[in-house]
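*Asks:* Dumping the structure here so I can ask a few things about it.
Every read-out reported here was derived from the displayed coordinates using simple, explicitly stated rules and does not represent laboratory data. Only a predicted model underlies this, so the values are computations on that prediction, with no experimental measurement involved. No Cβ is skipped: glycine too gets one built from the backbone with ideal geometry, and neighbour counts run over all protein chains shown.
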Ligand SMILES: [Zn+2]
């Protein structure tokens, strides 16, 4: 399995509300793609991703490149889901109302510019 296949499979699972993360025998948590722990090289076991995470950090850019024109302001956040950190897009329309500690859910969105799929956070309220 190459990395791209692992990522597409993970996006499929997240889109179905069935997201997961990987945990090694030493207790390190990581996100796909990958079939070995990036920290210690151990094999990985699939664990269910908690349905809600806590926004830890985020940034919003009001300046964009042409490929992101339809998504400006562009927000990117990091949220902790149980023992794993997830990086994903933040909904632009919500960017003025964000704060760290906000509860988010993970979803998948298709980019209008090229049809590729990306992980996005939805605010949980
Ligand atoms: Zn490990």
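*Asks:* Relative contact order for the chain: what percent, with Cα pairs under 8 Å and sequence separation of 6 or more?
*Replies:* The value is 21 percent.
*Asks:* Follow-up question, since we're still on this one. Direction-averaged shadow area of the convex hull around the Cα atoms of segment 1-49, nm²?
*Replies:* Details: hull surface 12.1 nm².
Hull-based average projected area comes out at 3.0 nm².
*Asks:* Restricting things to Cα coordinates, could you compute the convex hull volume per residue of segment 23-92 in Å³?
*Replies:* It is 113 Å³ per residue.
*Asks:* On to the next question. Between residue 87 and residue 35, 0.36 nm times their residue separation minus their Cα-Cα distance comes to what?
*Replies:* Working: separation 52, 0.36 × 52 = 18.72 nm, distance 1.93 nm.
Answer, rounded to one decimal: 16.8 nm.
*Asks:* Take the Cβ-Cβ distance between residue 114 and residue 12 as r, set R0 to 22 Å, and report the resulting FRET efficiency rounded to the nearest 0.05.
*Replies:* It comes out at approximately 0.75.
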